[in-house]
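Notes follow the structure.
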């Protein structure tokens, strides 16, 4: 074992600064005037008012349906606000998206009640997970998995900024976004809600989205921006079973180094709040883990924001997790661990039980005051005391052409070309068969959290947008498009259910065409209803592709899916493969542009795409897991057999990398390594390229990883153009977290790699 040296100086992991002891101050200075107002408000509050502020109700319990219209109920409103003084409301009734005008009036009414009850405005929260998802006529962007595939923080920041504008136009000041869990298990049904499997990618894109949502000053969020609630803290994306809301088991050094990193970076940048993982880590539910909630998230970072539970998760502590005998015990455990606001969607007994617990001495008043102080601070930072409501007339760009084009550009930049034997771009005048269950569905393009929780009504609400079929008809001409799906989903059933196939009809239609566009993948789902038992693409869809291949007509395979479904048996049958992931309302138009060659592909895989069901891995696996050799995307020995590796993506042009160099071949802790590489567009088309810098520690006292992403950037090159890309890499980035929960940078050899270029350096 080599000598381990604990770092005493700051260590940087991408955008995440830490020290050997992990202490770090927040990157903004609290506003003294806000702090004064918070203390003044807190000093006037009764215990009942304080507990009310710690309570969040679903809007469903505040009203009733009159036909297709949801209306607030005076008696229910009086009970919630005048009696219990609740501080927050969430969700859309149904849940079904509502018009911005409806939201304007409803949230205004709720605020009127709240202000009359205790002089404190309500903070309303919506899951605006990929645009104005719960606000009709708004702009829906690609899902987060697409934004991760862009490797472009500016693109993510722009999407978040537009989402904030349109959310605030609906009088809503708060969203439960971004989701910065790491998607490290392809079985997990929430892969698509996150930016990918890598902690640096999630850190950089997540931080950009926080900045886009909140604006430049986290102390003063203006009327065109909204507060964020990052989720789901933490290690949610690596459940042992692959099922939603099930336990994770992993070493604490991995938890610290990878899963904590995106949350830490974003709270230090001023994220207003954090939502907690519904499941458990190493046997302890996150909602009662004081070490992770209070010590790591609040105390070590100096963060002064607010922690909110996920849906009914205090209830789940005693009903599902079985760590408390009753609800009062569960409340005591959660609040004492660091929970500040309880998402109690359907009843108000939380208030009564917490008040009892405080009076019995089971929850100290200091903990209540700390929680309420954090809630009030968030509301003051959002400007709700001075401007509790917005006016839709101040938001003329809502759902307009400018935002639609931004969403289309985002979709173009987030689709991944995985294979092309020269068939793409498609030529005008060719006859094209558009087939597969995803070909004519807005629901499939958007995925879950789109107008409704499971996304089932997207075809109704997004009917003014183009499906893949409709976009292809517009781009290539109706006369050149033949449509025969062959396989269709049962949209009245479970997300995975399919109707009786009509593959023979698609095969007969193929006789009329030159090219087959097979659009396969998944129907929409969200959370636990999206669990699966078989990661393979459905047998009916694979049978469709196999039957079409026998016609001899070339196949372009379009993957429209929220997670990687296994396709190793049909991938060889395709001349080209495009993974569009979940591109949103403009996905059909974006795909047609790319297939026609109007735009170029530039995205890369944000996660590892597995080849086999018993061979699931991430790109940063440990070298001891190597089980064979395969030439990978960058001419390195990948040593594991995958369909497509993390960071892989093709273009209509080609890029040549050369002359990788570093200004220090010998370095010490605290040095900065300037790493440069020349990138040239050697093709005939302009193109964007994400340049990814990886490292590998050759020998380490903890088994080293095959490689780790350390930096990335995206450049735009014209044909023949060459550019030198330089990364300033703090040497301390090469440190790892040891068993002692400290970062260590050990002497010895490291390899830095960009594409097919590698250079060896040594730590003294």
Checklist line | FRET efficiency, 1/(1 + (r/R0)^6) with R0 51 Å, evaluated for residue 66 and residue 762 via beta carbons | finding: 0.10
Next item on the list: Sort 27-33, 302-308 for me by packing, meaning the mean count of neighbouring Cβ atoms within 10 Å per residue, highest on top.
Entry: 302-308, 27-33
Checklist line | Contour excess over end-to-end distance, with Cα ends at residue 282 and residue 29 and 0.36 nm allotted per residue | finding: 87.5 nm
Check: Given the Cα-Cα distance of residue 220 and residue 346 and 0.36 nm per residue of separation, how much length would full extension add, in nm?
Finding: 42.2 nm
Checklist line | Ranked by how many other beta carbons lie within 10 Å on average, peptides 615-621, 222-228, 523-529 from highest | finding: 222-228, 523-529, 615-621
Next item on the list: Take peptides 449-458, 714-723 and line them up by average Cβ neighbours within 10 Å, highest first, as a rough protection proxy.
Entry: 449-458, 714-723
Next item on the list: Pop the C-beta distance of residue 37 and residue 749 into the FRET formula with R0 = 45 Å and round what comes out to the nearest 0.05.
Entry: 0.20
Note to self: Run lengths n ≥ 4 of DSSP H only: what is the helix-derived mean residue ellipticity at 222 nm for the chain, with -39500 (n - 2.57) per run over all residues, to the nearest 500?
What the structure shows: -7500 deg cm²/dmol
Item checked: Three-way shape call for the stretch 31-394 based on the alpha-carbon gyration tensor, with the a/c threshold at 1.5 -> rounded
Check: Going by the alpha-carbon gyration tensor, a ≥ b ≥ c the square roots of its eigenvalues, is the stretch 573-627 rounded (a/c under 1.5) or, if a/c is not under 1.5, prolate (a/b greater than b/c) versus oblate?
Finding: prolate
Next item on the list: Pull out a ≥ b ≥ c, the square roots of the eigenvalues of the alpha-carbon gyration tensor of the stretch 408-481, then state rounded if a/c is under 1.5, prolate if not and a/b is larger than b/c, and oblate in the remaining case.
Entry: prolate
Notebook entry, point to check: What fraction of the Cα pairs in the chain, stated in percent, has a spacing above 36 angstrom?
Noted result: 43
Checklist line | Which of 676, 88, 728 has the fewest Cβ neighbours within 10 Å, and the rest in rising order | finding: 728, 676, 88
Item checked: Percent of C-alpha pairs per 5 Å bin, the stretch 415-610, short to long -> 1, 8, 18, 22, 22, 17, 9, 2, 0
Next item on the list: Obtain the nm distance between the two label points defined at residue 74 and residue 402 by a simple spin-label model: each point lies 7 Å from its Cα along the Cα-to-C-beta direction.
Entry: 4.3
Margin query: For a quick check: sort 394, 733 by the number of other beta carbons within 10 angstrom, fewest at the front.
Written below: 394, 733
Item checked: Between the stretch 205-271 and the stretch 446-491, the alpha-carbon center distance in angstrom -> 32
Margin query: Report the gain in length on full extension from residue 641 to residue 83: 0.36 nm times residue separation, minus Cα-Cα distance, nm rounded to one decimal.
Written below: 194.8 nm
Next item on the list: Rank these for me by crowding, 746, 39, 197, going from fewest to most other beta carbons within 10 Å.
Entry: 39, 746, 197
Next item on the list: Evaluate E = 1/(1 + (r/R0)^6) for residue 658 and residue 598, where r is the Cβ-Cβ distance and R0 equals 25 Å; express this FRET efficiency to the nearest 0.05.
Entry: 0.25
Margin query: Using the basic label-point model (7 angstrom from Cα toward the beta carbon), what is the residue 536 to residue 252 distance in nanometres?
Written below: 4.3
Next item on the list: Enumerate the residues in the stretch 677-705 having an amide nitrogen under 18 Å from the point lying 7 Å beyond the Cα of residue 626 toward its Cβ.
Entry: 694-705
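Just so you know, all these numbers are worked out from the coordinates, no wet-lab data involved. Quick caveat: nothing in here was measured; it's all calculated off a predicted structure. All Cβ positions, even for glycine, are placed from backbone atoms using ideal geometry, and neighbour counts span all protein chains on display.
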